[in-house]
Each structure stands twice: as structure tokens, then as C-alpha cells.
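To start, the structure under review is shown below, and the notes come after it.
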Amino acid sequence: YGNPLEHDWNETAYSWAENCTNCTASRVCKNNETHVEYAPATVTSVVAKEANCSAMGDTQYTATFAADWAETQVTVRTDIAIDEDAHEWGEWKVVREATYEEKGLKERECKLCEDKENDSESNAKRH
């Protein structure tokens, strides 16, 4: 059991805020558990995966510390809301060819959610 006047630190623990806006490192002395050190982090974030029309996106949070005893921490959270307009459209397909009487119709389908979008083709054929 070491010298009670010297610190012999337990393993560093890391605590993230629920929303990942901050992270704190802490360590407790093995010789005197009332001796606790804390180190706040600088937290940065980047989009790890964009949200789309059918799935939430991910954010990667990185916590860096000025204290030399604390190591950089990284966590990824699925916290970007679904973007109902972020479709991945397939190719246009002709559903109905234009005739002399009516306009044609083309359609495409989202590769992710199977929503469909259609578009009237140009005017009916002319004589």
C-alpha cells in the first residue's frame, strides 16, 4: 500500500452528458479516496451518417482533455432526426407513353422507403 502522501490513481472514469455536449474525466486516489481530480473536456462533433427519409443519422462526438492523464474519448449517437425529404430516387421509368389524346407519365421510386414520385411528360403528341 503506497505512501499515503503520494497519489496512486485508480483508473480514469469518463462521464458524458446525456446530450453529449460535455464530458468529464475523473480519477480517485487509491491511498485517499477523498482526493479526486476532475478534468473537463472540449467536445466537438461531426455528422457521421446523414439522416434520410427512413433512418435517423449519427453524430460522432469527440472529447479532448488538457489534463495529460485523461485520454481522448469518442462516442457516436443516433441523434439526427429523420429527414422526410431526403429520398434516394431511382431512375425515371415511363409508366404511360404520350399519345395524341393524353400526356405521358413517368415515375420514380425511392430506394429507401419506396415512396413514389411521378411527373407528367410533355404535351400529348401532335399531328
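The values are calculated or read from the model by the stated rules, or taken from the named source; none is laboratory data. On a predicted model such as this, the values are computed, not experimentally measured, just so you know. Every residue, glycine as well, gets a Cβ built from its backbone with ideal geometry; the counts of neighbours run over all protein chains shown. Surface accessibility is based on the protein's heavy atoms, side chains included, excluding ligands, DNA and RNA. Shrake-Rupley method; radii C 1.70, N 1.55, O 1.52, S 1.80 Å.
List of remarks:
- Spin-label model, Glu102/His35: points 7 Å from Cα along the beta carbon direction are separated by 8.6 nm.
- Here the dipole of the chain is about 320 debye; that uses its Cα centre as origin and unit charges on the Cβ of Lys and Arg (positive) and Asp and Glu (negative).
- Average accessible surface for segment 1-107: 70 Å² per residue, computed with a 1.4 Å probe over protein heavy atoms with every protein chain in place.
- Along segment 79-84 the Karplus relation, 6.51 cos²θ - 1.76 cosθ + 1.60 evaluated at θ = phi - 60°, assigns HN-Hα couplings of 9, 9, 4, 4, 10, 4 Hz to successive residues, with x for each Gly and Pro.
- Amide H contacts of Ala86: Cys53, each under 5 Å away and 5 or more positions distant or on a separate chain (H built 1.01 Å from N in the peptide plane; Pro and chain starts excluded).
- Extending 7 Å from Cα along the Cβ direction at Thr44 and again at Lys111 yields two label points whose distance is 3.1 nm.
- Along the axis of the charge dipole computed for the chain (Cβ charges of +1 for Lys and Arg, -1 for Asp and Glu, origin at the Cα centre), the listed residues Asn32, Thr12, Ser45 are led at the positive end by Ser45.
- Under 13 Å of direct C-alpha separation, and excluding same-chain neighbours fewer than eight residues apart, Lys106 reaches these aspartates and glutamates: Glu91, Glu97, Glu117, Asp119, Glu121.
- For peptides 44-55, 11-22, sequence by mean Cβ density within 10 Å, most packed first: 44-55, 11-22
- Zone of Ser120's modelled label, taken as backbone nitrogen in segment 71-101 under 20 Å from a point 7 Å along Cα→Cβ: 92-101
- The chain - percent of accessible surface contributed by carbon and sulfur, probe 1.4 Å: 43
- Projected label distance in nm at Glu88 and Gln60, using a 7 Å step from Cα toward the beta-carbon: 1.9
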